[in-house]
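All remarks here apply to the structure that follows.
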Amino acid sequence: MGICWVYKRNLPHKIGLVLEYTLGSSRWIFGRRFSEQTKKEKRGEKVSAKFYNIINSKRPVLVDFYADWCGPCKQMPPILKEVKAELKESVRIIKVNVDKNPMIATKYQIRSIPTTIIFKDGEVKWKGSGVRKANELKTILRQYIIGE
């Protein structure tokens, strides 16, 4: 025995809205099933899977969370290049745009940008907000490179 609620109405732009719930069957919201995904959702899952593969590395991974519109975020690339130049292959550095990857930003509670997180074996080892000096990042990263 199931329960079913159906609500239909015409919205502006002539889009029909159907909300239905039936025990033991599919749910529909805005005319599509929960199991169906938009291209944007599929892209987000692919990006998330790739991100999680990267941060599960044995070597430290420095992740710079940024946005294109953020002024202080534009100061980070030269700093990250300096860190990479000195530590070379012992560390991996990636940048994550919070506007394009909101699921990742939400999971790691990115409240302000730029935010830098250091991961090792998939775990957060260090997190800092704001522009950081290269020497500070190198010192922190060396703790996790030596600890291998």
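Less than 5 angstrom separates the built amide H of Lys95 from those of Asp64, all sequence-distant by 5 or more or on a different chain. What are the residues whose amide H is under 5 Å from the amide H of Ser57, where those residues sit 5 or more places off or on another chain and H is modelled from the backbone? Counting only residues 5 or more places away or on other chains, the set is Asp121, Gly122.
Scalar couplings 3J(HN,Hα) for region 75-90, obtained by applying the Karplus form with A = 6.51, B = -1.76, C = 1.60 to θ = phi - 60°, are 7, 6, x, x, 5, 5, 5, 5, 4, 5, 4, 7, 8, 6, 7, 7 Hz; x denotes Gly and Pro.
Computed from the coordinates by the stated procedures, all read-outs in this text should not be read as laboratory data. As the structure is a computational prediction, the values presented were derived from the model and not from experiment.
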